[in-house]
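K.L.:
Below are the structure tokens for one structure; questions will follow.
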Amino acid sequence: MHNPISPHAGEIHHTKGTTISHDTPTTRPAAIDRWRQVTVTGAALFCLVGTLVGTGVIGTRVAESSGGSLAADATLLAPAGPAFGIWSVIYLGLGAYTVWQWLPSRAASPRAGATGWLAAASMVLNGAWLLITQQGWLWLSVVDIVGLLGVLVVLARRLVALPAVGAVDRLVLDGTFGLYLGWVAVAACANIAAALAESGLAVSSTLAESAAVATVVLVALAGLAQALVPALGLSGVRAWVAAAMGWGLLWIAVGRWFDEPRSTPTAVAAVLATAVVVGAVGWAEVRGRGGPGRRPSPRRSPGRTG
């Protein structure tokens, strides 16, 4: 039986002029592959229903649900309104992934097998979060989003273990789930802040401001770690993760500078955190490619002259 998370999957070998990719299945999809495809599609439809509810098409907009606790001006860690536009990109990617896993060349591929069930779980948790917040159950929504974050971390690690073969796989899988993970990491902090505010923590208090700054620092450290610590297993998607984290942090800064509740310390911390996360990943990516300069020429042995 083929191991869907084998470290050799996704590699490309050249044998007598023929390129063989381990990410291209040589057997027909098994029954489990078909069940996985159907499950992913069902999860995508459930997520779509949740999205229609959360955007106000058939429900109450997220910003207006839960008594306004999740609005862009509700807490010190709430990103400004335009930040949430990243969901359009993520949902487009999830739709592309749902189609991708039905392609004949991908139905039984190692990457589809390693990510399908987790992708489905992420979409179910996403849709559930949107329905939970309609009821105003903020602490339950915290449990949901933390679970979603955990699922995405595992999924991202599996993507790194099975490197993409081709630009389409890299964009549809690494891009989608990397952005998804980075954004949910920031959104989870905002969600927890909203639950605390609803529980009685004064948004404008010194304690709330200190907690907000500390949380931003922790997010920056997490972004730094995922960029520079290979043992975390996120190196292959770190650029996408950092882009989404930086996006969320930057819009937190904008919100705290130009909207209520205003907080200069939180805004400054968010700007610095953005620079740290994006800068660290940029440095790691350049370093991983051998640096911007030329590689040093090998030294000649003493006494050798051409």
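K.L.:
Looking at this structure, is residue 231 more than 22 Å from the chain's Cα centre (by Cα) and either closer than 26 Å to residue 150 by Cα or modelled with pLDDT of 95 or more (or both)?
P.N.:
Numbers: more than 22 Å from the chain's Cα centre (by Cα): no; either closer than 26 Å to residue 150 by Cα or modelled with pLDDT of 95 or more (or both): yes.
Spelling it out, it is not the case that residue 231 is more than 22 Å from the chain's Cα centre (by Cα) and either closer than 26 Å to residue 150 by Cα or modelled with pLDDT of 95 or more (or both).
K.L.:
Of the residues 117, 102, only one is aromatic (Phe, Trp, Tyr), part of a helix (DSSP H, G or I) and either on the phi > 0 side of the Ramachandran plot or modelled with pLDDT of 95 or more (or both); which?
P.N.:
Working: 102 fails: part of a helix (DSSP H, G or I).
Just one listed residue meets the conditions, 117.
K.L.:
Out of the residues in the range 209-222 that are surrounded by 21 or more Cβ atoms within 10 Å (Cβ to Cβ) and of a type in the set (Gly, Ala, Ser), state the one that is farthest from the chain's Cα centre (by Cα).
P.N.:
Among residues in the range 209-222 that are surrounded by 21 or more Cβ atoms within 10 Å (Cβ to Cβ) and of a type in the set (Gly, Ala, Ser), the one farthest from the chain's Cα centre (by Cα) is 212.
K.L.:
Another question, then. Is there any pair with a first residue in the range 113-130 that is without any contact (Cβ under 8 Å) to a residue 12 or more places away in the chain and a second that is surrounded by 24 or more Cβ atoms within 10 Å (Cβ to Cβ) whose Cβ atoms are under 6 Å apart and which are 6 or more apart or on different chains, and what are they?
P.N.:
none
K.L.:
Then there's this: Would you check which residues across the range 223-264 are surrounded by fewer than 18 Cβ atoms within 10 Å (Cβ to Cβ) and in a helix (DSSP H, G or I) and list them?
P.N.:
Listed by number, the residues that qualify are 225, 228, 230, 231, 232, 257, 258, 264.
K.L.:
Still on this model: Return a yes/no flag: does the range 132-151 have any residue that is in a helix (DSSP H, G or I), within 21 Å of residue 42 (Cα to Cα) and either of a type in the set (Lys, Arg) or more than 17 Å from the chain's Cα centre (by Cα) (or both).
P.N.:
yes
The values are calculated or read from the model by the stated rules, or taken from the named source; none is laboratory data. Treat the numbers as computed from the prediction; the structure is a model and nothing was measured. Backbone-built Cβ (ideal geometry, glycine too); neighbour counts: all protein chains shown.
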